[in-house]
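The structure appears right after this line, and notes come after that.
The values are calculated or read from the model by the stated rules, or taken from the named source; none is laboratory data. These numbers were taken from a predicted model, which means no experiment stands behind them. Note: ideal-geometry Cβ built from the backbone for every residue, glycine included; neighbour counts use all protein chains shown. For the accessible areas, the whole protein counts, side chains as well, though only heavy atoms, and no ligand, DNA or RNA atoms are used. Shrake-Rupley method; radii C 1.70, N 1.55, O 1.52, S 1.80 Å.
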Amino acid sequence: MTDMETRTVRGGLAAKGRSKPPTVLRMSVELPLWRALTGYRILTLVYALCLVGLSYQKYEHPLGAAAYMGALTVWMVLTWRRTTSAERCTRHFLLADLGFAVGGILLTPLVDTHARIMDGAPTLPSIWTAGAVLGFAIKGGWRWAAVASSAVAVANLVERQELARDTVHNVVLVWVASVAIGYVVEVARASERTLARALQIEAATRERERLARDIHDSVLQVLAMVQRRGAAIGGEAAELGRMAGEQEVALRTLVAGGLVSPPRAAAATVPHPAGEGAADDAVAAAPAAPAAPVPEPAGDGPCDVRALLAPFAGAGVTFSEPGAPVELPAAAAAELAAAVSAALDNVRVHAGDGARAWILVEDEPRAVIVTVRDDGPGIPEGRLADAEREGRLGVALSIRGRLRDLGGAAEWVSVPGQGTEVELTVPKGTAPEGGRRGKARA
């Protein structure tokens, strides 16, 4: 292995060490509901205290009404934090809270006059009772809400001692509202679980793609190079190359997520069509020149993309840049440079030794666009999709995957016999640039 190859492998392994696994977004649709319930309980307690205070002299036993309201106030002071989260709001608390509500309703006939009750005077806890029922709805869903609201309904009917229209109206309103809220909470929880699972799958997929991309940029390319050079040298080196080719195929299949296919025999003698869309084609007939190591950005601040892409210029590569710095965050600039390196690998492997490449950097207001063009034979229609299905990861991960992780995009324009153009777009802000510019072939 040459010194340049060694640097390529070390660079890929170092990139893997620097990368951090994606984080999974965590959320709770219940937290605003618990906060709203806490506020509701406090406000309705104040309202109930005002009602009792304004009607204090009208009660048959005002001291009994005052004693209940005092006990309810102490209960609220001691337990108001219980309804701030699902963890604090236990079943025992909900039962005790409902007990205070039902007890206050049943105590009303003992402290108030029969005439006031028949005229529709509010119960001692008044609308504070709905807070106890809503706690059941948020905690346990619509079934718990139905049971709690039914208990409150029975208590109201016992307190009124008849099926008065206003009592039935209030009972039905509380029952329907609590059951509806409980059902909405259950649907929201199911949606939250589905979304969390989807985010976990997406995070795992992106992490897998990142690892596959690093493996492609280092291990797979080295195994393919060993296979090609072993076949060219012959003798014992040919056997070593054959084994490297088998391991390369097995590793590629594993990365792609499928079953490991049987080892290929004499794979080095099977050429693939020109224009293959992956730089890691392990069965190219002739050895390819090793890829140049991707320059590393200095520091974590803004990085001039031109400084990372300029080393790619050489006898067969022309580099064109703006006169002013083209800045991106260091991590984004490094990923863009790695994608350009993968595109040049494709040119080096598939366009032929005599092919030329051009790199053009454009600094637009909302995005940085890098175009890599070559004068090779081009890519047959549908070949890129076929290569991705076959597990060749050069385009799918080393180029498209990198740009997608940055919120950008990679587009190919290729006409057989007229070369290939790859346009890499990296947005400067948090959102990708809307719209795409039309591309013309030179």
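Taken together, Leu110, Leu95, Leu78 contain a single residue that is in a helix (DSSP H, G or I), open to solvent by 40 Å² or more (accessible area, probe 1.4 Å) and over 29 Å from Gly141 (Cα atoms), which is Leu110.
Against the numbered list (1) assigned to a helix (DSSP H, G or I); (2) farther than 15 Å from Leu95 by Cβ; (3) open to solvent by less than 40 Å² (accessible area, probe 1.4 Å), Ala115 comes up short only at (3). Of the strands (runs of 3 or more DSSP E) contained entirely in the stretch 300-384, those carrying at least 1 residues that are closer than 19 Å to Pro416 by Cβ fall at 357-363, 367-374. Pairing residues of the stretch 294-311 that are at pLDDT below 65 with residues that are open to solvent by less than 40 Å² (accessible area, probe 1.4 Å), at Cβ distances under 6 Å and at least 6 apart in sequence or on separate chains, gives Val294/Ala337; Val294/Ala338; Val294/Ser341; Pro295/Leu308; Pro297/Cys303; Pro297/Ala330; Pro297/Ala333; Pro297/Ala334. Here Arg193, Arg165 are screened, and the one residue that is open to solvent by 40 Å² or more (accessible area, probe 1.4 Å) and over 19 Å from Thr123 (Cβ atoms) is Arg193. Just one residue in the set Arg366, Arg383, Arg356 is at pLDDT below 85 and not polar (S, T, N, Q); that residue is Arg383.
All of Gly104, Gly141, Gly120, Gly135 fail the test of being surrounded by fewer than 19 Cβ atoms within 10 Å (Cβ to Cβ), closer than 20 Å to Trp175 by Cβ and not polar (S, T, N, Q), apart from Gly120. Close Cβ contacts (under 6 Å, 6 or more residues apart or on different chains) running from residues in the stretch 405-419 that are closer than 16 Å to Ala334 by Cβ to residues that are of a type in the set (Gly, Ala, Ser) comprise Leu406/Ala332.
A count restricted to the stretch 29-52 and to residues that are of a type in the set (Gly, Ala, Ser) and open to solvent by 60 Å² or more (accessible area, probe 1.4 Å) stands at 1. Picking from residues in the stretch 153-162 that are over 18 Å from Ala96 (Cα atoms) and either in contact with a strand residue (DSSP E or B) (Cβ under 6 Å, 6 or more places away or on another chain) or hydrophobic (A, V, I, L, M, F, W, C) (or both), the one that is least open to solvent (accessible area, probe 1.4 Å) is Leu157. Residue by residue through the stretch 317-338, note down the ones that are of a type in the set (Asp, Glu) and open to solvent by 60 Å² or more (accessible area, probe 1.4 Å). Hits for the stretch 317-338 are Glu321, Glu327. Taking the condition among the hydroxyl-bearing types (Ser, Thr, Tyr), surrounded by fewer than 19 Cβ atoms within 10 Å (Cβ to Cβ) and in a helix (DSSP H, G or I), does Ser150 pass? When the stated conditions are applied, Ser150 passes them.
Taken over the stretch 53-74, the residue count meeting the criterion of being within 30 Å of Trp144 (Cα to Cα) and surrounded by 15 or more Cβ atoms within 10 Å (Cβ to Cβ) is 4. What about Thr73, is it touching a Cys at 6+ places or on another chain (Cβ under 9 Å), of a type in the set (Ser, Thr, Tyr) and in a helix (DSSP H, G or I)? Spelling it out, it is not the case that Thr73 is touching a Cys at 6+ places or on another chain (Cβ under 9 Å), of a type in the set (Ser, Thr, Tyr) and in a helix (DSSP H, G or I). Within the stretch 136-147, residues that are more than 16 Å from Gly99 (Cα to Cα) reach partners that are outside any helix (DSSP H, G or I) with beta carbons closer than 7 Å, at six or more positions or on different chains, in the pairs Ile138/Glu30; Lys139/Ala86; Lys139/Cys89. Of everything listed in (1) among the hydrophobic types (A, V, I, L, M, F, W, C); (2) part of a helix (DSSP H, G or I); (3) touching a residue at least 40 places away in the same chain (Cβ under 8 Å); (4) farther than 29 Å from Val184 by Cα, the single unmet condition for Val102 is (4).
Answer with yes or no whether Gly429 is modelled with pLDDT of 85 or more, part of a loop (DSSP other than H, G, I, E, B) and under 21 Å from the mean Cα position of the chain (by Cα). Taking the combined requirement at face value, the residue does not satisfy it.
Residues considered: Ala180, Ala198. Of these, the only one that is of a type in the set (A, V, I, L, M), open to solvent by 40 Å² or more (accessible area, probe 1.4 Å) and over 24 Å from Thr84 (Cβ atoms) is Ala198. For the criterion of being at positive phi and either of a type in the set (D, E, K, R) or at pLDDT 80 or above (or both), Gly141 passes.
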